[in-house]
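Presented below is the structure to which this report refers.
The values are calculated or read from the model by the stated rules, or taken from the named source; none is laboratory data. All values derive from a computational prediction rather than experimental measurement. Neighbour counts run over all protein chains shown; Cβ positions are idealised from the backbone, glycine included.
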Amino acid sequence: MQVILVSSRFSLAKSINVNMRHIVAVFGVFLLVVLCGSSALSWLAVRLRLPMVQTQIESMQTREMEDKEAKARSNLRALAARVGELQARMVQLDGLGQRLSSMAGLEPPARRPEYENEGGPFVPAPIDEKKLEEEIDALSRQVEAQTLSFASMESLLRADMVRRAFLPTTMPVAGPSRLGSPFGVRNDPFGRGVALHEGLDFVAPYGAPVLAAAGGVVVNAGYHHEFGNLVEINHGGELITRYAHMSAIKVTAGATVQRGQQVGELGSTGRSTGPHLHFEVRKNGSPLNPSDFLASSLARR
Ligand SMILES: [Zn+2]
């Protein structure tokens, strides 16, 4: 490239040859000047703490700090609210625990103090991070203790449910019936003097369905010279029920029966003066009063 310089001082025009090397050199110098200039400015800004730059940096830092603090505060507030909710739930669970343990016949767990007749203006409590952590720890411990106590209650209640499921509490005669001889001492119906009546008699029409008073296993089903057609059901725990004087037997020994399942038909076989069901409950071979088991069924009759 050829550049021609024209000056009034010169009568002649001057010409300079510009090649690629010159352009690169000029550009390089320009870049160097820009870089040095900006570095020098930055250095000066920091070194001399130029007031405007310093103020800007400080205000930026302050804003950032404030943002962070606001976020942390709002997180803490949310956490404190959660802790409050959890504490309220724990109070509810406490109440449930108390009721359940009294149902399960357990010593009720210590109740946390409750205050009544409270009042006063609402003043937001200052949130203390350390205190919040302590409260969360305390809540976790309470939850663990509560879980353990609920688990033991559950197993007790389950055991109780299983035990109750096999108690002879269902009426052994379907349809209308009236009570005959009660459990206890009575005069022998065949005139042989005072005798112990080891069961409860239900008077009902001949052929009325006789039902298992609870689930169990039939351990005896056959004829007995005194009991007539007799069925015996074992309900576990050495608890046995007897159904006597039936006109027909509907189960066989060894069969499993459900609560309320028909085991026979009411009759007057064996040592009997008329159609009735002689019903016995025995524990470890000793007779128990069937009314104690049938109380609620008898009341509903
Ligand atoms: Zn009887």
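Out of G199, G216, G207, G191, report the one residue that is of a type outside the set (S, T, Y), at pLDDT 85 or above, surrounded by fewer than 18 Cβ atoms within 10 Å (Cβ to Cβ) and not assigned by TED's automatic domain parsing to the domain that holds A104. Working first, answer last.
Working: G199 fails: surrounded by fewer than 18 Cβ atoms within 10 Å (Cβ to Cβ); G216 fails: surrounded by fewer than 18 Cβ atoms within 10 Å (Cβ to Cβ); G191 fails: at pLDDT 85 or above.
Unique residue meeting the criteria: G207.
Table: residues versus (1) among the hydrophobic types (A, V, I, L, M, F, W, C); (2) in contact with a His (Cβ under 8 Å, 6 or more places away or on another chain).
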site	(1), (2)
L196	yes, no
F202	yes, yes
Y206	no, no
L230	yes, yes
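Looking only at region 250-290, filter to residues that are within 16 Å of the ligand (Cβ to nearest atom) and in contact with a helix residue (DSSP H, G or I) (Cβ under 8 Å, 6 or more places away or on another chain); which one of those is farthest from G236 (Cα to Cα)? The residue in question is F279. Counting the residues of region 159-190 that are out of contact with any helix residue (DSSP H, G or I) (no Cβ under 7 Å at 6 or more places or on another chain) and within 16 Å of the ligand (Cβ to nearest atom) gives 15. For region 185-226, the tally of residues that are in a strand (DSSP E or B) and over 19 Å from A253 (Cα atoms) stands at 11.
Considering R301, R242, which residue is basic (K, R), within 12 Å of the ligand (Cβ to nearest atom) and touching a residue at least 24 places away in the same chain (Cβ under 8 Å)? Talk me through it step by step, then tell me what you get.
Values: R301 fails: within 12 Å of the ligand (Cβ to nearest atom).
So the residue among R301, R242 that is basic (K, R), within 12 Å of the ligand (Cβ to nearest atom) and touching a residue at least 24 places away in the same chain (Cβ under 8 Å) is R242.
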